[in-house]
């Protein structure tokens, strides 16, 4: 169980997109990388095909290291560190370290 999951809102801590935030689209925990909406845009050269008649250069998201991302708390609206506590049913639950709100 990771501290960042698909669908979370995260902010970038370092690099060319520092300060920007977006929604996590995909996670690769074994590589410690994530795909974040409109973050780390790279140019990709598309070949012309039957389905894509135009081809050309398109921009799409590239993977970014999980260590460069911080989870955004919905209550604080700030990047926070994640703590773990036991929920009401005994399952592990992610909690904001600043306001103690479940994430």
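The values are calculated or read from the model by the stated rules, or taken from the named source; none is laboratory data. On a predicted model such as this, the values are computed, not experimentally measured, just so you know. Heads up, the Cβs are rebuilt from the backbone with ideal geometry, glycines too, and the neighbour counts pull from every protein chain shown.
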### Task
Would you mind listing the strands (runs of 3 or more DSSP E) fully within the range 48-91 where at least 1 residues are surrounded by 14 or more Cβ atoms within 10 Å (Cβ to Cβ) and at pLDDT 95 or above?
56-61, 69-72
### Summary
Residue pairs within 8 Å by beta carbon, gap of at least six or interchain, first lying in the range 2-17 and free of Cβ contacts under 8 Å to residues at least 60 places away in the same chain and at positive phi, second in a loop (DSSP other than H, G, I, E, B) and surrounded by 14 or more Cβ atoms within 10 Å (Cβ to Cβ), listed first then second, are 15/40
